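J.: Please see the structure below; I have some questions.
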Amino acid sequence: MSISREVVLKTAALAHLELPAEDADRFAAQMSEILAYMDQLAELDTAGVPPMSHSTLAEHVERTWRADIVKPSLGSALATANAPEGFGGYFKVPSVITRAPREREES
Amino acid sequence: MNSIPEHRSTIALTRAAIANGTTTARAVAEAALSRIEALNPRLNAFLAVTADTALAQADATDARVRAGEQLRPLDGIPVAIKDNLVIEGVATTCGSRILENYRPPYTATAVERLCEAGAVIVGKTNCDEFAMGSSNENSAYGPVRNPWDEERVPGGSSGGSAVAVASGMAMLALGSDTGGSIRQPASLCGVVGLKPTYGRISRYGLVAFGSSLDQIGPFAASVEDASVALRVMAGHDERDSTSSEAPVPDFADLESGVDGLRIGIPAEFFADGLSEGTRECVESGIERLRKRGATTVDISLPHMKYATACYYIVATAEASSNLARFDGVRYGYRAEGAELLREMYMRSRSEGFGPEVKRRIMLGTYVLSSGYYDAYYDKALRVRTLIENDFRKAFVECDVILTPTSPSTAFRLGEKSGDPLQMYLSDVYTITANLAGIPGVSIPCGTSEGLPVGLQVLAPHFGEPVMLRAARAVEV
């Protein structure tokens, strides 16, 4: 499968990545080559074969549930200690949406 | 200083020497730390050295000796930890700029169990960024160099851990193996590297790459040392629901030999692409087992040729979801000056991740995206079933499978770094074990043109005891 620069840019946006123009071209070429290699899976008839998302642990082991009891956890101070920007035990992030242009002028 | 030590001790000998007062844990730790100080500027295996912790842990062992207490399995043993395993308060970068300033608030179960057994943690080792790579050239902190030839790669992704043991900077090291990241660098550096059965060791505290493939395992200078480390770390952990509740044997029966053992030789692993020198070494290792009474059985793993394609779909898909958490909010790098949240996500990730990580996130996003999911991701999951079935059938006819670990010995720095697909193909012999969830170990098996060759032993799920017994017979 050969993929275009446009598909690369769309995929990058889905993955929350920004690619400079020269990277997009390079990635298009490399991903096309890798996907062409992956296309050999199409040779196999897998119609009746179940998908395997995980190593089949269930066959080897009886799973047991742990008791549903409250245990100590990190707490908000420690859990937020690595945040690039925090505020009193919260994570602080930039605005999620922008204000409409007219509101902006009024404020 | 020669970067390959002339003499090596074992865990058993070192513990005995500490117990009987011939040496102290502090002296052993100081020797390891001074070796790191001398060699690391050349080899770049360690990203952080935890000298204060190491000396405190060593002093605790010496206090036990003075108090006449019995020593624990790893008392006084210098251990290095791959930098994608968290230790409370110790920088954990995963070889990435995005985690440059991360200080974990907790410790991985595997590391915790080593420490409870008396291990002396000497530092965190360099690796390919987020464990993605086969040469260690993808670290944001520079490549690790192979102590056998410093112009060559140590393999990856756990290259720093392999080098730490190969060069005697630590007696044990932990790595993680998603597609061969313990076994391949062990092979290229001439040490033992063990990937346990999926679920044998808790993954709690391992920064996730491919959650259905990742396993933690040890590097050691001998099969016996590796089995001691496995014993300490193995067993269920309620903090990882995929860790197995299967009973943990002591893995200590290494010397009972291979008489009558059925060894599977898969033709697919000895076909085109295997270098001649590697083939000779591996065949002589197989011959050694035959002389000791093992029988060889020709087996076939017919879907092997699809394994690399299958693996790089599953692994990149899982990576693209796992690495979504690095968004500049809870930890890690945040780009300056973004006005809106989405812009902050995009810029933080783009500035924080290196090219190989981006490439894999992109591939994973693509194979999971609407319109391509069935042709790639779903297809790969079904091929994964076929690959696991190949092993199930093979293990009816044989007890273990012997193969080369890597198609060639250590390649030169820069030799494959410009060609991602060629780099992916260097994992061809190791990735099937991760797809099937079975254990594998690489053992040194001679040298070719002065560089170490590794032989791989594969066993059925939870077959580590027979795998280690066969590995031990290769070693002696």
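J.: For the ranges A:37-47, B:76-86, B:261-271, what's the packing order if you count other beta-carbon atoms within 10 Å of each residue, average per peptide, and put the highest first?
T.: By packing density, highest mean first, the sequence is B:76-86, B:261-271, A:37-47.
J.: Let me ask you something else. Compute the distribution of all C-alpha to C-alpha distances in segment A:1-60, in bins of 10 Å from 0, and list the percent of pairs in each, rounded to whole numbers.
T.: 19, 31, 25, 19, 5, 0
J.: Could you give log10 I(q)/I(0) at q = 0.11, 0.13, 0.14, 0.18 Å⁻¹ for segment B:11-257, computed by the Debye formula over C-alpha point scatterers of equal weight, without solvent?
T.: -0.50, -0.71, -0.83, -1.40
J.: Right, something else. Above 17 Å lies some portion of the pair distances; for segment B:126-197, what is it as a whole percent of all C-alpha pairs? Numbers along the way, then the final one.
T.: On the way: 727 of 2556 pairs.
Tail fraction, whole percent: 28.
J.: Among B:434-444, B:312-322, what's the highest-first ranking by average C-beta atoms within 10 angstrom per residue?
T.: Averaged packing, sorted descending, gives the order B:434-444, B:312-322.
J.: Under the rule of -39500 (n - 2.57) per DSSP H run of 4 or more residues, summed and divided by the residues of the protein assembly as shown, what mean residue ellipticity at 222 nm is obtained, to the nearest 500 deg cm²/dmol?
T.: -11500 deg cm²/dmol
J.: Work through the residues other than B:Val400 whose Cβ is under 10 Å from its Cβ and net out their charges, Lys, Arg +1 and Asp, Glu -1. Before the final figure, lay out the partial values.
T.: On the way: positive: B:Arg262, B:Arg469; negative: B:Asp399.
The answer is +1.
J.: Given Cβ point charges of +1 (Lys, Arg) and -1 (Asp, Glu) and nothing else, what value in debye, to the nearest 20, does the dipole of the protein assembly as shown about its Cα centre take?
T.: Working: 56 positive and 73 negative charges, 148 e Å.
The dipole magnitude comes to about 700 debye.
J.: Under a Cβ-only charge scheme (Lys and Arg +1, Asp and Glu -1), can you give me the dipole magnitude of segment B:189-274 about the Cα centre, in debye to the nearest 20?
T.: Approximately 220 debye in magnitude.
J.: Something else now. Starting from the coordinates of the alpha-carbon atoms of chain B, obtain the Kirkwood hydrodynamic radius over all distinct pairs and give the value in Å to one decimal.
T.: 22.1 Å
J.: Here's another thing I want to ask about it. In segment B:403-476, if the dipole is taken from +1 on Lys/Arg beta carbons and -1 on Asp/Glu beta carbons about the Cα centre, which of B:Gly440, B:Ser406, B:Met467 is farthest to the positive end?
T.: So the residue we want is B:Met467.
J.: Between A:Arg5 and B:Thr10, what FRET efficiency comes out of the Förster formula 1/(1 + (r/R0)^6) with R0 = 51 Å and r the beta carbon distance, rounded to 0.05?
T.: 0.35
J.: Taking each pair of distinct Cα atoms in segment B:188-257 once, what is the resulting Kirkwood hydrodynamic radius in Å?
T.: Mean inverse Cα-Cα distance, inverted, gives 13.0 Å.
J.: Of all DSSP beta bridges in segment B:11-257, what percent run antiparallel (nearest 5)?
T.: Roughly 65 percent of the DSSP beta bridges within segment B:11-257 come out antiparallel.
J.: What are the ³J(HN,Hα) values, in whole Hz, obtained from phi via the Karplus relation 6.51 cos²θ - 1.76 cosθ + 1.60 with θ = phi - 60°, for each residue of segment B:437-449 in sequence order, with x given for Gly and Pro?
T.: x, 8, x, x, 9, 9, 10, x, 9, x, 10, 10, 6
J.: Amide H of B:Val400 versus every other amide H placed in the peptide plane: which residues, excluding those fewer than 5 positions away on the same chain, fall under 5 Å?
T.: B:Arg262, B:Gly264
J.: Determine the shielding of peptide B:334-347 by partner chains: average, over its residues, the number of Cβ atoms on other chains within 10 angstrom of each Cβ. Please list the in-between numbers first.
T.: Working: counts 5, 2, 1, 1, 3, 3, 6, 5, 5, 3, 6, 5, 6, 3.
Taking the mean over all residues of the peptide, I get 4.
J.: Let me ask another. Where nothing but the Cβ of Lys and Arg (+1) and of Asp and Glu (-1) is charged, how large is the charge dipole of chain B around its Cα centre, in debye to the nearest 20?
T.: With Lys and Arg at +1 and Asp and Glu at -1, about 260 debye.
J.: B:Ser448's amide H: which non-local residues (gap 5+, or another chain) put their own amide H closer than 5 Å, with H modeled 1.01 Å from N in plane and none for Pro or chain starts?
T.: Sorted by chain and number, the residues that satisfy this are B:Val453.
J.: Can you say what percent of the DSSP beta bridges in chain B, counting only those with both residues inside, are antiparallel? Round to 5.
T.: 65 percent
J.: Still on this model: Name the residues whose placed amide hydrogens come within less than 5 Å of the amide hydrogen of B:Thr125, ignoring near sequence neighbours (fewer than 5 apart) on the same chain.
T.: Amide H neighbours of B:Thr125, under 5 Å, 5+ apart: B:Leu47, B:Ile81, B:Lys82, B:Asp83.
J.: Cβ neighbours within 10 Å, averaged per peptide: list B:169-175, B:139-145, B:53-59, A:18-24 in order, most packed at the top.
T.: Result, highest mean first: B:169-175, B:139-145, B:53-59, A:18-24.
J.: Now a separate question. Take each complete run of DSSP H in chain B, measure how far its Cα atoms stretch along the helix's own axis, and keep only those covering 24 Å or more with mean Kyte-Doolittle hydropathy at least 1.0; list them.
T.: Membrane-span-like by this criterion, though nothing is claimed about a membrane: none.
J.: What's the average, rounded to a whole number, of partner chain beta-carbon atoms within 10 Å of each residue's beta-carbon in B:22-35?
T.: Mean inter-chain Cβ contacts per residue within 10 Å come to 0.
J.: Over the alpha carbons of the protein assembly as shown, what is the largest minus smallest coordinate on each principal axis, giving the biggest first in Å?
T.: 84, 60, 52 Å, listed from the longest principal axis down.
J.: Give the calculated FRET efficiency between B:Asn20 and B:Glu415 to the nearest 0.05, with a Förster radius of 45 Å applied to their Cβ-Cβ distance.
T.: The pair B:Asn20/B:Glu415 has a calculated efficiency of 0.40.
J.: What FRET efficiency would be calculated for the residue pair B:Asn101, B:Lys305, taking the C-beta separation as r and a Förster radius of 30 Å, to the nearest 0.05? Each step should come with its number before you reach the end.
T.: On the way: r = 44 Å, r/R0 = 1.46.
The formula returns an efficiency of 0.10 here.
J.: Additional query: Let me know the mean shielding of B:376-388 by other chains, meaning the per-residue number of their Cβ atoms within 10 Å of its Cβ.
T.: 5
J.: Going down the list A:Lys71/B:Lys195; B:Lys305/B:Lys416; A:Lys10/B:Lys358; A:Lys10/B:Lys379, which pairs span over 25 Å between their C-alpha atoms?
T.: As for pairs spanning more than 25 Å Cα to Cα, those are A:Lys71/B:Lys195.
J.: Of A:Met52, A:Met38, B:Thr296, which is farthest along the charge dipole of the protein assembly as shown in the positive direction, counting Lys and Arg as +1 and Asp and Glu as -1 at C-beta?
T.: The listed residue farthest towards the positive side: A:Met52.
Where a number appears in this text, it was derived from the coordinates with a stated rule and is not lab data. Predicted model, so just to flag it, every value in this text is computed and none were measured. Please note: Cβ atoms are built from the backbone with ideal geometry, for glycine as well, and neighbour counts cover all protein chains shown.
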